[in-house]
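The values are calculated or read from the model by the stated rules, or taken from the named source; none is laboratory data. In this text the structure is predicted, and so the values were computed from the model without any measurement. FYI the Cβ positions are ideal-geometry reconstructions off the backbone, even for glycines, and counts take in every protein chain you see. Protein only, heavy atoms only, side chains kept; ligands, DNA and RNA dropped before computing areas. Shrake-Rupley method; radii C 1.70, N 1.55, O 1.52, S 1.80 Å.
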Amino acid sequence: MSKLSIGIVGLPNVGKSTLFNALLGKQVADASNYPFCTIDPNVGVVEVPDDKLPVLAEIVKTDKVVPAIVEFVDIAGLVKGASQGEGLGNKFLTNIRDCDAICHVVRSFTDDNIIKEGSVDPQGDFEVICAELIIKDLDSVEKYISTNKNNPKESKSKKFILAQKLKSEFDQGHLAINMPLNDEEKELLKEFFLLTAKPYFIVANVDEGTYKNINNWKINIENYNSVIPVCAKIEYDLSELSPEEKTDYLKELGMEKSGLERVIQKAYDTLGLQSYYTAGVKEARAWTIYKGDTAPKAAAAIHTDFEKGFIMAEVVSYDDFVQFKGLTGAKEAGRLRHEGRDYIMQPDDVVEFRINA
């Protein structure tokens, strides 16, 4: 499948670059304390946390493990007026357009030494970003309406009717992704290439004291649930530790998983993705596909020619693969299934494809 990316966005100095560096586990982005220290977007590929791959590798006796990946893009901080070109607005909005989903980072920490542009609360941070995206999309839709309103054919089209609906919703401050659209409208929506049509999730960058009492932490972003709390500074410190030291530090914090693991998994889920596995002596590997993909589409993730030459998929659930110690054991136990072109891939399927060469 094509490369998929998450754009990390927010106001200047909310911790985007520190979060990005922590995701990559090394200093890549400049985390300087001044607005617009990130001008050109930094790009990094991050592994999706997966505790099943090592188990599969142990069963098939391979040393090579290849996890699924998500690409993160650290984008320049936005300020109010970006839709009109303020700050690095035009560059910022272009960078977002190139991403598949958005990770909104909002500031939920106090530090008088950190310069702060714009609003001073998480709700306000989020609203400033969304407002600029809406203004930019509204401008695009209004230009389309203005250009086509006197065209007898186009002005009666379903796309034009949708444009009018979008304008009305934007005027009320609604994001395209949250609008009540039917399936046909959702398909037409793609033709507008709207920034607010991208799926998104929210990360709150909290201070160290809050993170150590995270079970008592609450935040309210209007009309949005499940904000992910992360202390970017602690996460960066964690990224520099050995696996054993990291586990001990997390225990001290009262956590099983780091905030970054939750961010990465949320990004994967937000893009509507899931993994399936192949496991053999050469490697144990997680392959990325969309939820709802058929077996031939899944085969194409390995090689595009596999979709055309697909014959069948030999499928075992992860649990059966583990219980019966591999594909052969699962087959002997009657747990191996032969699936055809219409099979919808399930999370954690372990598969071997039969392909017509």
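Values as computed for the structure displayed
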| read-out | value |
| --- | --- |
| Heavy atoms of Phe306: accessible area, 1.4 Å probe, square angstrom to 10 | 60 |
| List Tyr144, Tyr211, ordered by accessible area with a 1.4 Å probe, largest first | Tyr144, Tyr211 |
| Percent carbon-and-sulfur accessible area, the range 223-357, ignoring ligands, DNA and RNA, probe 1.4 Å | 48 |
| Bins of 10 Å from zero: percent of alpha-carbon pairs in the range 138-207 | 18, 50, 21, 7, 3, 1 |
| Val65 accessible area, 1.4 Å probe, all protein chains in place, Å² to nearest 10 | 60 |
| Which of Glu154, Glu191, Glu332 is most accessible, then next, and so on - probe 1.4 Å | Glu332, Glu191, Glu154 |
| Surface accessible to a 1.4 Å probe, per residue, for the residues of the range 124-230, Å² | 55 |
| Kirkwood-based shape ratio for the range 261-357, expressed as Rg/Rh from alpha carbons | 0.98 |
| Residue pairs, from the table Lys143/Lys198; Lys165/Lys291; Lys233/Lys257; Lys257/Lys297; Lys64/Lys331; Lys198/Lys246, whose Cα atoms sit over 22 Å apart | Lys165/Lys291; Lys257/Lys297; Lys64/Lys331; Lys198/Lys246 |
| Karplus-derived HN-Hα couplings along the range 15-20 (A = 6.51, B = -1.76, C = 1.60, θ = phi - 60°), whole Hz, x at Gly and Pro | x, 4, 5, 5, 4, 4 |
| Using θ = phi - 60° and Karplus 6.51 cos²θ - 1.76 cosθ + 1.60, couplings along the range 319-330 (whole Hz; Gly, Pro as x) | 4, 5, 4, 6, 4, 9, 6, x, 5, 5, x, 5 |
| Karplus-derived 3J(HN,Hα), 6.51/-1.76/1.60, for each residue of the range 183-195, Hz, glycine and proline x | 4, 5, 5, 4, 5, 5, 4, 4, 6, 8, 6, 7, 5 |
| Summed side-chain charge close to Val65 - residues other than Val65 whose Cβ falls under 15 Å, Lys, Arg +1, Asp, Glu -1 | -1 |
| Glu58 accessible area, 1.4 Å probe, all protein chains in place, Å² to nearest 10 | 110 |
